[in-house]
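Input: a single structure, listed below in structure tokens.
The values are calculated or read from the model by the stated rules, or taken from the named source; none is laboratory data. Fair warning: this is a prediction, and the values are worked out from it, not measured in the lab. Virtual Cβ from ideal backbone geometry, glycine too; neighbours counted across all protein chains shown.
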Amino acid sequence: MAKREKVYSITEEQLQAAIREAAQTGIDAYKKEHKDTTRRKISRLLYRTKTLLEKYSELMAFANNSVYTLERAQEVNEGIADLDILTKFGIYESDKTLHSLERGVVTVNMVMTHVNNMLEIYRKSCESSASKVKQRQYRVIYHMYLSDKKLTSKEIADMEGEEVRTIQNDAKAAREDLTALIFGLDGLLTRIIRE
């Protein structure tokens, strides 16, 4: 016995409506995924900016004090340049070890030079702004992350005569602005989404 197939009949109008609905569902799913991807990307960039600022002092100390050439080692301490000692500690097992260290130091130096240049642009922009809020935002970032003596949000709020929440909002807005400067086009997403 042959199995009977079910047959459905729909009008041309119903078919077109089903196609439109399916297409719209696909478009909506794509837009949602694109929006979610963009938000995740922004979140990662903001996290990177905050981490760079939180680790600013340590990264600058590393960049300024790293020893990765024998010449630099001799400048710092004559005893460090002894290849026998370097070999015993596995620091100079081969050329690769020093080249790898040098690449890391050069990379950190390049990143920190870029970050410092962007911080200087941001400082000038804030200080020359007519907006008191913009001026305060740089001071907040400076005291929170860049100063030798880091201050808490509460200490900055007391110093500025503002609420702690205002200082936290200033820090967030400043990090968004710095993300645009530090990461370029990718960082501009933070501004576009905020506005």
Yes or no: the range 10-24 includes at least one residue that is loosely packed, with under 10 Cβ neighbours inside 10 Å and among the hydroxyl-bearing types (Ser, Thr, Tyr).
yes
Looking at the range 105-120, which of its residues are surrounded by 14 or more Cβ atoms within 10 Å (Cβ to Cβ) and aliphatic (A, V, I, L, M)?
Val105, Val108, Val111, Met112, Val115, Met118, Leu119
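Residues are listed down the side, and each one gets a yes or a no for (1) under 31 Å from the mean Cα position of the chain (by Cα); (2) at pLDDT 95 or above; (3) more than 29 Å from Gly184 (Cα to Cα); (4) outside the structural domain of Ala180 (by TED's automatic domain parsing):
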| position | (1), (2), (3), (4) |
| --- | --- |
| Asp82 | no, no, yes, yes |
| Glu102 | yes, no, no, yes |
| Val105 | yes, no, no, yes |
| Val108 | yes, no, no, yes |
| Leu119 | yes, yes, no, yes |
| Arg123 | yes, yes, no, yes |
| Ala157 | yes, yes, yes, no |
